[in-house]
Amino acid sequence: MQQAPPHVIGRFFLMQQYLKGKDSAWAPYIATLPQPRNFEAWALPAVWRQDDADIALALLKGTNADVAAEEMRQRIVDEFKAAWSILHDNNYTFALYQWAYCMFTSRSFRPSLVLTNEIKATLTRDANGTAQDGTSVEARHLAAVNHARLPEGCQFDDFSILFPVLDIGNHDPRAVIQWQPVVDASRQSLNSAPLLTPAPSETSEQAIVFYTGTHYARGQQAFNNYGSKTNSELLVGYGFVLPPTDDMHNDYIHLRKREALARGVSDSVAGNVDVHPDFLLSLRPIAEPSSVVGRARLPPGQQVGSMPETRRTPGFSLVEDGLLWDVLSHMIRPEHREELQRSAVAASHGQRYMTLPAAELREAIMDIIFKTKDEQDISDPIAAQYMYNIRMVLLQKFDTDLEKLQDADPPSYIDALLEDGEYTPKTPQERLAMQYREQYRAVLSNAVNVLGEEMSNSMPEE
């Protein structure tokens, strides 16, 4: 098995310990996990079964989750085939590997997040016992160190770790948390942090401390934070979605960037400053406080005290500025580029001929095109025309995506909606997929309605 990737070996180790039953030292922990026989309790969309009686997979068609789940499904198959060809043991079944894969995907931690520096140093020593900081071990300890260190070519986060108890926390994207690996709690540098709860003084060596900056009353659930993940990402990686509330929603659609921008190639107007591999379309304005994930991707200066209504029109406020900028830079004519830049500089600094940093120039151009209420408020006819054209491009894109989603609705789902007004899910997977699909549909429907209303209320001057 040494020929297999480290993360695959970890999953086969979990399978091995499960097969050992009570003879495994990890039996008490494994008993707390959803068991392989209870498929509905642990199955992620990538392992949902193709079944005519269960339309859960069909309910994902036309969504971000369908694409991501299919990629994961193929990865699971490829990994198992490659590993089993080495192991050749019929006890390690594909179904058991699916279970182990889902356990690690939904519950594991990155080593860099939860291991102490002392353990990291041991794992990353070379064959001579030398650590990355230059320290070495005595010759009599070399055999033990070599047994524990990572294999050649294995990077530190090429695998993940399951931790009993630490994996039980549920997700809240608003929770302020930090995992801190420690050797001695008396040396905690974070104890003085005003937002974080100090580590208990009795913490033992090689402990992991969970700090929370959220205040909870006795009996309240304390939440973990899995990171800035949309419902599509939560569904595929963790098997749940968050419903929208008045103070938070998690409904976004991932829009893939053009290949050049995804590679970080600069655009033609003021340089590419986006770092994410995709753009987001949001159910509510990106900068609105309830758009927790979308707001976290904004520049720091736009996350506080900046309501979207004062920055972008309602339709444009639903997408990231990076998308607007991408469409504009792809659409702009060479003869308009310099004039648009001068108009933007004049609007922001009162002078047409001065040089601005790329990011500042970009923001100035964005403001003259997308900040006002409608085209009639824009004094520059070139900017007004681009505002209209980009609104049309986005409306056509989202309307087409909405039609594709509707065309992909399962026939039995449509029939139930037409006859009874609702579809009654037969399995937990169907219920989850239906919830996700309708929240996904709401994002597209809202964008089409808002942009469509703006289009009907404004036309560029000839």
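List the helices (runs of 4 or more DSSP H) inside segment 275-359, counting only whole elements, that have at least 2 residues being modelled with pLDDT of 80 or more. Can you show your working first?
Numbers: elements: 292-296, 300-303, 321-331, 334-349.
Output list reads 292-296, 321-331, 334-349.
Scan segment 378-398 for residues that are assigned to a loop (DSSP other than H, G, I, E, B) and charged (D, E, K, R) and jot them down.
So in segment 378-398, the residues assigned to a loop (DSSP other than H, G, I, E, B) come out as 378-380.
Selection gives Asp380 alone.
Among the residues of segment 422-462, write down those that are within 16 Å of Leu283 (Cα to Cα) and among the aliphatic types (A, V, I, L, M).
Ala442, Val443, Leu444, Ala447, Val448, Val450, Leu451
When you look at Leu96, is it surrounded by 18 or more Cβ atoms within 10 Å (Cβ to Cβ), aliphatic (A, V, I, L, M), in contact with a Pro (Cβ under 9 Å, 6 or more places away or on another chain) and farther than 23 Å from Pro164 by Cβ, yes or no?
On the way: surrounded by 18 or more Cβ atoms within 10 Å (Cβ to Cβ): yes; aliphatic (A, V, I, L, M): yes; in contact with a Pro (Cβ under 9 Å, 6 or more places away or on another chain): yes; farther than 23 Å from Pro164 by Cβ: no.
No.
Of the residues Tyr29, Tyr18, only one is in contact with a helix residue (DSSP H, G or I) (Cβ under 7 Å, 6 or more places away or on another chain), aromatic (Phe, Trp, Tyr) and not in a loop (DSSP other than H, G, I, E, B); which? So that I can check it myself, show each step before the final result.
On the way: Tyr29 fails: in contact with a helix residue (DSSP H, G or I) (Cβ under 7 Å, 6 or more places away or on another chain).
That would be Tyr18, the only listed residue that is in contact with a helix residue (DSSP H, G or I) (Cβ under 7 Å, 6 or more places away or on another chain), aromatic (Phe, Trp, Tyr) and not in a loop (DSSP other than H, G, I, E, B).
Would you mind telling me which numbered condition in (1) farther than 24 Å from Val114 by Cβ; (2) β-branched (Val, Ile, Thr); (3) modelled with pLDDT of 95 or more; (4) outside any strand (DSSP E or B) Ile253 fails?
Failed condition: (4).
Sort out which residues of segment 410-433 are closer than 18 Å to Lys61 by Cα and in contact with a helix residue (DSSP H, G or I) (Cβ under 8 Å, 6 or more places away or on another chain), and write them in order of number.
Pro410, Tyr413, Tyr423, Pro425, Thr427, Pro428, Gln429, Glu430, Leu432, Ala433
Select from segment 37-66 the residues that are in contact with a Ser or Thr (Cβ under 9 Å, 6 or more places away or on another chain), of a type in the set (A, V, I, L, M, F, W, C) and part of a helix (DSSP H, G or I) and list them in ascending order.
Within segment 37-66, Trp42, Ala46, Ala58, Ala65 meet the criteria.
Yes or no: Val450 surrounded by 15 or more Cβ atoms within 10 Å (Cβ to Cβ), part of a helix (DSSP H, G or I), in contact with a strand residue (DSSP E or B) (Cβ under 6 Å, 6 or more places away or on another chain) and assigned by TED's automatic domain parsing to the domain that holds Ile253? Show your work before the answer.
Numbers: surrounded by 15 or more Cβ atoms within 10 Å (Cβ to Cβ): yes; part of a helix (DSSP H, G or I): yes; in contact with a strand residue (DSSP E or B) (Cβ under 6 Å, 6 or more places away or on another chain): no; assigned by TED's automatic domain parsing to the domain that holds Ile253: yes.
Spelling it out, it is not the case that Val450 is surrounded by 15 or more Cβ atoms within 10 Å (Cβ to Cβ), part of a helix (DSSP H, G or I), in contact with a strand residue (DSSP E or B) (Cβ under 6 Å, 6 or more places away or on another chain) and assigned by TED's automatic domain parsing to the domain that holds Ile253.
Would you please list the contacts, defined by Cβ atoms under 8 Å and residues six or more apart or on different chains, that run from a residue in segment 46-67 that is in contact (Cβ under 8 Å) with a residue 60 or more places away in the chain to a residue that is aliphatic (A, V, I, L, M) and assigned to a strand (DSSP E or B)?
Sorted first by the residue in segment 46-67, then by its partner, the pairs are Asn64/Ile253.
The values are calculated or read from the model by the stated rules, or taken from the named source; none is laboratory data. Worth saying up front: this structure is predicted, and the values here are computed from it rather than measured. Methodologically, a virtual Cβ is constructed for each residue, glycine included, from the backbone with ideal geometry; neighbour enumeration extends over all protein chains shown.
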